[in-house]
1. Taking 0.36 nm per intervening residue step and subtracting the Cα-Cα distance, what contour gain separates Thr141 from Asp106 on full extension?
2. Could you order His85, His66 so the one with the most accessible surface comes first? Probe is 1.4 Å.
3. How large are Rg and Dmax for the chain when only the alpha carbon atoms are used, in Å?
4. In deg cm²/dmol and to the nearest 500, what is the mean residue ellipticity at 222 nm of the chain if only DSSP H runs of at least 4 residues count, each as -39500 (n - 2.57), divided by the residue total?
5. Exactly which trypsin sites (Lys or Arg not before Pro) in region 78-126 are in a DSSP loop and have at most 14 other Cβ atoms within 10 Å?
6. Of the residues Gly136, Gly94, Gly73, which exhibits the maximal mean-square fluctuation in a Gaussian network model of the chain defined by a 10 Å Cα contact cut-off?
7. What residues qualify as long-range amide H neighbours of Phe28, i.e. H under 5 Å apart, gap of 5 or more or another chain, H built at 1.01 Å from N?
8. Roughly to the nearest percent, how much of the accessible area of the chain is carbon and sulfur, given a 1.4 Å probe?
Amino acid sequence: MYGDNGVLVDFEEMRKVIASSDVFVLGFAHFPERVLVDARCDQKEAPLVQVVEPAGSAPERLIWLHRRRPSLGRPQSFSFLGWPHSPDFLVESGVWGRICDRVDADTQDDVRAQCDLALRQIQNLQISAARALLKGDDCGTLWPRPEVPEARA
């Protein structure tokens, strides 16, 4: 199956990772931030869905996670999923729904709020990345920009 930009996604493999990983990180093509999903919970901690800055490595992310959620210990499984499409296609394809189901968002209002906030944040990040690209921000050019004299009032 092709998505909104033509890249093939193995939805079955993605479903398996979402269903089986204690912790997984979802990375996007057009902005550096990630969605971290920690499906583990105990008496102190509910499942976590949060937009986070990228970590330098998997061990660095695990240290961050242990500091943030010390009562849960080390996760049994940790995965990274690359999402080459837009956040809207994440919803349209049903992948976001699977993520919300994995953390029981329908039964826990605070987790539902985390999911809703994370989705809004990645949608806004996508819009900001598209605007920056259209304006030419952070884009290299082969030719220098010509000097444009300022208009006189």
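1. Working it through step by step, the gained length comes to 7.8 nm.
2. Output order, biggest surface exposure first: His66, His85.
3. Final numbers for Rg and Dmax: 18.8, 67 Å.
4. Result for the chain, helices only: -12500 deg cm²/dmol.
5. none
6. Gly136
7. Under 5 Å from the amide H of Phe28: Trp83.
8. Roughly 52 percent of what the probe reaches on the chain is carbon or sulfur.
The values are calculated or read from the model by the stated rules, or taken from the named source; none is laboratory data. Computed from a prediction, not measured in an experiment: that's the story for all the values here. Glycine also receives a Cβ, built like all others from the backbone with ideal geometry; neighbour counts cover every protein chain displayed. All accessible areas refer to the heavy atoms of the entire protein, side chains included, with ligands and DNA or RNA removed. Shrake-Rupley method; radii C 1.70, N 1.55, O 1.52, S 1.80 Å.
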